[in-house]
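Okay, structure first, notes after.
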Amino acid sequence: MNPTIDLLRNHRSIRKYKEVALSEEHIEAIITSAQMASTSSNVQAYSIIGVTDPELKRELAQLSGNQAYIEQCGLFLVICADLHKLKEATEHHEQTFHQNTESFIVGTVDAALAAQNAAIAAESLGYGICYIGGIRNKPQEVCEVLALPELVYPVFGMCVGVPDQEPSYRPRLPLQAVYHSNTYQADKVAEGVQQYDEAMYEYYKERTGGKTLTTWSKGIADKYAKPGRAHILPFLEARGFQLK
Ligand SMILES: Cc1cc2nc3c(=O)[nH]c(=O)nc-3n(C[C@H](O)[C@H](O)[C@H](O)COP(=O)(O)O)c2cc1C
């Protein structure tokens with residue numbers, strides 16, 4: 001359709017990289033592209049730590065559930081929600097900084113939007129990327145390793161590097177399970193999920209040579225049968241976030 005849409009539709013996460021560093025020029029292009037993402041009221045409530053030091057990458061890989069591609073990739077970004085800089089700006093004017101769940105959402109959304117711009121910029125330069133939610137497995141330790149101040153938390157990491165694999169595309173839910181014209185149509189979603197289950201059964205079967213025989217909804221059922229990362233709320237409170 002056009003090169004931007006082609007690029008977006010060509011995405012797949014890369015989990016094997018050549019150990020090649022990114023040039024400063026490319027890092028700057030990726031981060032300045034991230035910065036031009038829309039941001040709530042221009043607050044820019046995020047910070048990005050670019051990790052290239054092999055020892056730091058090794059530590060972060062371990063803290064994220066031993067995901068080896070964090071060590072291999074040329075650049076590991078840790079994308080953080082950052083209310084610290086907003087508090088500093090407020091206090092500079094001798095006013096009191098007020099925060100709540102809304103400001104937490106603002107920081108998290110700003111971080112995600114900037115990250116996705118970084119991902120697209122990196123892919124447009126021929127790099128592969130993989131988001132790393134595993135960075136929230138041991139978030140307090142990650143904060144210490146990266147010297148993050150209070151009111152800054154790592155939302156996720158992102159590997160960026162020269163791909164050393166060509167994985168297949170992961171199919172997505174049918175359009176009708178995601179996009180609604182004017183009002184939400186729950187029955188269309190249910191139908192779409194059923195179709196997707198059939199497609200994903202075949203996808204998993206093919207990708208694993210017949211070893212994995214499951215569906216998308218079963219994966220969701222297993223994932224949500226127990227609470228995920230229950231340590232996150234106490235962690236955020238200890239970082240100074242007030243979720244009220
Ligand atoms: C916020 C977020 C966290 C993720 N965390 C991980 C992770 O820790 N490890 C990993 O291998 N993939 C991770 N992924 C990648 C997803 O598994 C992947 O995007 C999804 O399965 C769709 O596949 P695709 O990106 O290849 O199209 C994450 C993706 C997102 C958006």
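The values are calculated or read from the model by the stated rules, or taken from the named source; none is laboratory data. These numbers come from a predicted model, not from an experiment. Backbone-built Cβ (ideal geometry, glycine too); neighbour counts: all protein chains shown.
Could you tell me whether Ile48 is under 14 Å from the mean Cα position of the chain (by Cα) and farther than 26 Å from Gln140 by Cβ?
Numbers: under 14 Å from the mean Cα position of the chain (by Cα): yes; farther than 26 Å from Gln140 by Cβ: no.
Spelling it out, it is not the case that Ile48 is under 14 Å from the mean Cα position of the chain (by Cα) and farther than 26 Å from Gln140 by Cβ.
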- Kindly indicate which of Cys143, Cys80 is surrounded by 19 or more Cβ atoms within 10 Å (Cβ to Cβ), in contact with a strand residue (DSSP E or B) (Cβ under 9 Å, 6 or more places away or on another chain), of a type outside the set (A, V, I, L, M) and more than 27 Å from Leu8 (Cβ to Cβ). Cys143
- Message: Looking at (1) surrounded by 11 or more Cβ atoms within 10 Å (Cβ to Cβ); (2) within 13 Å of the ligand (Cβ to nearest atom); (3) free of Cβ contacts under 8 Å to residues at least 12 places away in the same chain, which one does Glu206 not meet, given that it meets all the others?
- Response: (2)
- Query: What number of residues within the stretch 23-78 are within 16 Å of the ligand (Cβ to nearest atom), over 12 Å from Ala121 (Cβ atoms), in contact (Cβ under 8 Å) with a residue 12 or more places away in the chain and among the small types (Gly, Ala, Ser)?
  - Reply: 2
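Name the one entry in Gly134, Gly65, Gly161 that is surrounded by fewer than 20 Cβ atoms within 10 Å (Cβ to Cβ) and not in a helix (DSSP H, G or I).
Working: Gly134 fails: not in a helix (DSSP H, G or I); Gly161 fails: surrounded by fewer than 20 Cβ atoms within 10 Å (Cβ to Cβ).
It is Gly65.
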- in a loop (DSSP other than H, G, I, E, B) and touching a Cys at 6+ places or on another chain (Cβ under 9 Å) - does that describe any residue in the stretch 230-237? no
- Note on the structure: Val160 fails exactly one of (1) in contact with a Cys (Cβ under 9 Å, 6 or more places away or on another chain); (2) within 13 Å of the ligand (Cβ to nearest atom); (3) under 30 Å from Ser103 (Cβ atoms), namely (2)
- Do any residues in the stretch 113-137 that are assigned by TED's automatic domain parsing to the domain that holds Ala81 and touching a residue at least 60 places away in the same chain (Cβ under 8 Å) have Cβ atoms under 7 Å from those of residues that are near the ligand (Cβ under 10 Å from one of its atoms) and assigned to a helix (DSSP H, G or I), where the two are at least six apart or on different chains, and which pairs are they? Ile129/Ala119; Cys130/Tyr69; Ile132/Ile70
